[in-house]
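Structure record follows, encoded as structure tokens.
The values are calculated or read from the model by the stated rules, or taken from the named source; none is laboratory data. Note that this is a predicted model, so its numbers are computed, not measured. Cβ placement follows ideal geometry from the backbone for every residue including glycine, while neighbour counts extend to all protein chains displayed. We work out accessible area using only protein heavy atoms, side chains counted, and drop any ligands, DNA or RNA first. Shrake-Rupley method; radii C 1.70, N 1.55, O 1.52, S 1.80 Å.
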Amino acid sequence: MYTRLPLLLLLLPLAVLAQDTTSGTRTTSGTQPSGSTTGSQTNSTGTATTRAPVTTVITSTVVSEFTTVSNGQTRSGNATRVFTTTAVLAETTAAPGSTTRSTSTRPLSSAPTGVDGGGAGADGAPLPGATGNTGQVYGPDDNYIAAASSIQKNGLLVGAVAFAVGAALTLIYTSANEPQAKRQKVMSKVIGTHSGTFHCDEALAVFLLKQTEAYRGADVVRTRDPATLDGCDIVVDVGAVYDPARQRFDHHQRGFGEVLGLGFTTKLSSAGLVYKHFGHEIIAKKLGVPVGDEKVNYVYKLLYRDFIEALDAIDNGISQYPTEVEPRYRNKTDLSSRVGRLNPRWNEEFNAATLDERFKEASALTGKEFTEQLDFYAESWLPARDLITELVNYSKANFDSSGKILLFEKFVPWKEHLFDLEKDAGNGIEEGAATYVVYPDEGAQQWRIQAVPVAPQSFESRKALPEPWRGIRDDELSNLTGIDGGVFVHASGFIGGNKTKDGALQMARKALEF
């Protein structure tokens with residue numbers, strides 16, 4: 001954190017104002033004292049003479065002190081800026097007998113003792129407007145004083161400008177060297193959620209919001225005080241209000257029944273609500289495509305199905321199975337259970353600060369697993385889907401136009417993609433046609449023939465490998481099938497193997513005959 005007590009020290013400008021011995025306005029009639037000179041006067045020939053212009057330099061200095069702390073190291077120093085302004089007094093001329101203003105840089109001439117302020121010798125200094133017996137003007141008149149006052153005011157003005165410039169430069173220096181996080185914090189928004197025991201849904205909801213452009217870097221306030229929540233930019237899982245226009249996302253109020261749609265009927269928790277309104281933005285950012293891209297909609301549905309829907313159901317007390325069906329085993333390794341265990345135990349001392357710190361851990365945990373799932377879809381799932389589309393079409397064009405046997409020249413996860421693609425009539429893949437998939441087992445340097453299941457998660461096949469082959473291996477299998485290179489057929493008939501691609505294709509073609 002930067003701490004700085006900038007000191008702006010302004011030195012008032014020092015103006016070196018030179019005057020002629022006859023500066024001011026004066027009448028040049030009469031006799032000049034011996035040794036006196038004028039900046040502009042009537043000479044012995046009756047013509048006017050003019051001195052060179054006078055240059056006045058006004059200097060202002062701004063000094064700033066600063067102290068910075070970065071990466072545990074302290075650095076301090078001074079920043080000095082000098083501002084110089086140069087003013088040139090206008091050159092003047094006058095006709096004989098006229099009144100002129102001197103621009104001489106020489107000192108005023110001495111005056112006789114009889115003149116006000118005068119004195120003997122060169123030390124005599126006449127007062128402003130002082131005259132001799134013959135009417136000569138020895139001291140500067142009121143016009144000269146007015147001109148000097150004007151220069152003084154200009155000097156003060158330059159000083160004030162220098163002060164303002166110095167202050168502005170100090171602020172610019174401060175802003176340029178402050179940590180980015182601190183500058184953002186000044187304008188950061190506030191996410192509100194409830195205090196006390198936390199749950200998986202609001203922990204994830206807060207993480208999701210921080211992935212959005214609107215709430216990136218936002219502060220989090222955990223409270224149940226209505227006045228404090230009213231001051232938050234967005235509130236999740238507390239407040240008994242669901243109103244997207246007001247950025248209020250609670251699901252505990254009576255009568256609430258919001259669902260995601262798209263065929264999903266599970267009531268949403270705060271995680272599902274935030275995902276419903278901000279999920280497309282988060283996914284599009286990860287994929288690097290516009291929000292309306294077809295891939296965003298596809299992943300949006302998958303991510304809810306495979307990750308968020310379970311969190312919504314658990315938080316809302318919705319069982320995974322009908323209540324009359326008793327689960328055969330318990331599972332307490334799910335994300336909601338692991339988040340729950342981050343809360344202090346009943347016999348463990350804790351306070352609000354402890355809960356807030358534990359909540360940060362919970363939000364990080366849910367965010368990590370959400371991000372891993374999203375990364376999987378972006379970096380593995382979608383590329384596999386595109387590849388499956390190409391492989392199916394290539395297989396139909398080159399090996400089996402009916403599409404019953406699909407030959408994939410490289411291994412790629414295919415089950416769920418195949419079922420999804422079969423539902424899309426626009427890609428030319430007939431639903432239910434594929435029976436066997438042949439692909440390389442690169443680790444074993446063999447080939448596999450696998451029966452397509454009736455559903456992605458089912459162990460039942462559309463057409464299992466022939467019953468006589470099941471459980472048979474190696475040479476015995478080759479003798480039974482009449483195909484060289486036999487390796488095995490699983491006892492359930494869902495998968496088999498051969499040493500070569502051609503042998504696996506022959507097994508698939510012969511299995512269709514049963």
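Quick notes on this structure:
- Per-peptide packing, taken as the mean over residues of other Cβ atoms within 10 Å, places 193-206, 437-450 in the sequence 193-206, 437-450 from highest down.
- For segment 286-339, the per residue solvent-accessible surface stands at 67 Å², with DNA, RNA and ligands left out and a 1.4 Å probe.
- Computed log₁₀ I(q)/I(0) - Debye formula, equal Cα scatterers, no solvent, segment 208-320, q 0.11, 0.19 Å⁻¹: -0.38, -1.07
- What a 1.4 Å probe finds exposed on segment 409-458 is 45% carbon and sulfur by accessible area, rounded to a whole percent.
- Pairwise label distance in nanometres, E326 with R216, each label 7 Å out on the Cα-Cβ vector: 5.3
- Heavy atoms of the protein chains alone define the surface here; on that basis segment 371-514 has 50 Å² accessible area per residue at 1.4 Å probe size.
- Put simply, when 397-405, 341-349, 272-280 are sorted by average Cβ atoms within 10 angstrom per residue, most first, you get 272-280, 397-405, 341-349.
- Across segment 328-342, coupling constants 3J(HN,Hα) worked out from phi with the 6.51/-1.76/1.60 Karplus curve, θ = phi - 60°, read 7, 7, 9, 10, 10, 9, 5, 4, 4, 5, 5, 5, x, 6, 7 Hz, and Gly and Pro carry x.
- Here r is the Cβ-Cβ distance between N351 and E476 and R0 is 51 Å; the resulting FRET efficiency, rounded to 0.05, is 0.10.
- Lysines with Cα under 26 Å of K301, excluding same-chain neighbours fewer than 8 positions away: K210, K267, K276, K285, K286, K332, K368, K415, K423
- With every protein chain in place, segment 255-403: carbon and sulfur % of accessible area (1.4 Å): 52
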